[in-house]
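Undergrad: Quick one: the structure is below, and I'll ask about it shortly.
Just so it is clear, none of the values below were taken in a lab; they were calculated from the coordinates. Keep in mind the model is a prediction, meaning the values are calculated, not measured. Please note: Cβ atoms are built from the backbone with ideal geometry, for glycine as well, and neighbour counts cover all protein chains shown.
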Amino acid sequence: MAYNAVPAYRDRPAAGGTLLDVGSGVGGALLTTLTMFPQLRAVGVERADDIVRELRRRAEAAGVASRMEIRRADARELSDEAVCEVAYRAQALFPRVARASTLAAVRRALVPGVAHGARTDTVGSGHTGSKAPFSPRCARRRIPRCPPCPHR
């Protein structure tokens, strides 16, 4: 996790609120984040039943299950609006045809002006391979290997 590289991303979970993790898998990033920030709650979204079961098992083992909601769902169909302070998604795991609509759903779920992280490039952000999380409020210009921010 690159929390020290992007203070805006680190400070949000440290303050509490809700993290939306789209494409949670078995919870590597999600469970680590919940363990690091005990005041944080989370919503994990994953499509595969067997992966959801494993994520639940790992959340129980990590002692964070009471602070997270696990949804078996297609991320494109999220209906949450302005309820999450931080979002994280594993874009590389989404088919190209689903990436833009998934990003739109994630952005709808975010409270305006908050951090969104991606494990790989992010559709529409100007990112082309940074593995560090970024903030839509131009924190991306601080990340190495990232193209120049157009808002400088």
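Undergrad: Stretched out fully, how many nm does the piece from ALA73 to ASN4 gain, at 0.36 nm a residue minus the Cα gap?
TA: Taking ALA73 through ASN4 to full extension adds about 21.7 nm, to one decimal.
Undergrad: Given the peptides 33-40, 16-23, 61-68, arrange them by the average over their residues of other C-beta atoms within 10 Å, most packed first.
TA: Peptide ranking by packing, descending: 16-23, 33-40, 61-68.
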